[in-house]
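Note sheet for the following structure.
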Amino acid sequence: MNEKQRRRRTCLDQMRRELAERQRRLRGGDPAGKVLLQLLALLSGALAMMPPIPMPTLSLPFRPARQPSSSIDEDRGPTAYAMERGLEPLDYASSRMRPPPSFRRLVKDLSRPRKADEARELLEARVPPAVVEWLRDSIESGDLWRLRMAARPGASDDEVIGSMLAAAQMWEAERQQVEPPEPEAPDDDPDDKKGPNP
């Protein structure tokens, strides 16, 4: 009996085993794959029975194509061309507003010859009227350190304006101490203008 149980495998046994394996593969031996295929078939069948879903329509405003530059009059430009034809002028990236430069940048620009005039105009437009005279005096005398002290790094615009107002008040007080008030001349007396009394 021992010898029957330990029977040697032959080529015929090997061929039977390969045949069984091949048939198992042909029948679809992967159960997860079978389930996935069945679910996919059910889903595609359900989608085929559904009514079609209407697609949302996007209504974009019609903008005519740009005309070649040769058809636009050279002396008037593309904006005038568009306005004459009732079209919206094209939006150019250069027309976007930039934020105003900081006070610190404007004070630095005062020492640059090419930007000094523009920086001076922008500074005078942004400060309160009480500071303008002090600002002009500081720029004309070349004492930019006073402006740099007022426009210190990291300070907000309100803080800079507040320190400029304080500096302008101190400057005004110093100026009044140095320049005594002018005495009235006797010629300006209103009693003398009446003439001699008879």
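At a glance:
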{"read-out": "Residue in the stretch 160-173 that is acidic (Asp, Glu), open to solvent by 30 Å² or more (accessible area, probe 1.4 Å) and not in a helix (DSSP H, G or I) present", "value": "no"}
{"read-out": "Sole exception among (1) under 22 Å from PRO99 (Cα atoms); (2) in a helix (DSSP H, G or I); (3) out of contact with any Phe, Trp or Tyr (no Cβ under 9 Å at 6 or more places or on another chain) for LEU123, by number", "value": "(3)"}
{"read-out": "Residue, farthest from the chain's Cα centre (by Cα), within the stretch 84-94, restricted to residues that are modelled with pLDDT under 75 and open to solvent by 70 Å² or more (accessible area, probe 1.4 Å)", "value": "GLU88"}
{"read-out": "Test: residue in the stretch 177-187 that is in a helix (DSSP H, G or I), at pLDDT 85 or above and either loosely packed, with under 10 Cβ neighbours inside 10 Å or not polar (S, T, N, Q) (or both)", "value": "yes"}
{"read-out": "Matching residues in the stretch 107-120 - criterion: being assigned to a helix (DSSP H, G or I) and either closer than 14 Å to VAL160 by Cα or within 25 Å of the chain's Cα centre (by Cα) (or both)", "value": "VAL107, LYS108, ASP109, GLU118, ALA119"}
{"read-out": "Pairs with Cβ under 9 Å, 6+ apart, first in the stretch 118-137 and on the phi > 0 side of the Ramachandran plot and open to solvent by 50 Å² or more (accessible area, probe 1.4 Å), second aromatic (Phe, Trp, Tyr) and at pLDDT 85 or above", "value": "none"}
{"read-out": "Residues of the stretch 144-159 classified as over 27 Å from the mean Cα position of the chain (by Cα) and open to solvent by 50 Å² or more (accessible area, probe 1.4 Å), total", "value": "3"}
{"read-out": "Given (1) at pLDDT 85 or above; (2) loosely packed, with under 10 Cβ neighbours inside 10 Å; (3) part of a helix (DSSP H, G or I), number of the condition LYS193 does not satisfy", "value": "(1)"}
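For (1) over 30 Å from GLU88 (Cβ atoms); (2) hydrophobic (A, V, I, L, M, F, W, C); (3) at pLDDT below 80, each residue gets a yes or a no:
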site: ARG27; (1), (2), (3): yes, no, yes
site: LEU37; (1), (2), (3): yes, yes, no
site: SER44; (1), (2), (3): yes, no, no
site: MET50; (1), (2), (3): yes, yes, no
site: ARG63; (1), (2), (3): no, no, yes
site: SER69; (1), (2), (3): no, no, yes
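The values are calculated or read from the model by the stated rules, or taken from the named source; none is laboratory data. What you are looking at is a predicted structure, and each value in this text was computed from that prediction instead of being measured. Cβ atoms come from the backbone with ideal geometry, glycine included; neighbour counts cover every protein chain shown. All accessible areas refer to the heavy atoms of the entire protein, side chains included, with ligands and DNA or RNA removed. Shrake-Rupley method; radii C 1.70, N 1.55, O 1.52, S 1.80 Å.
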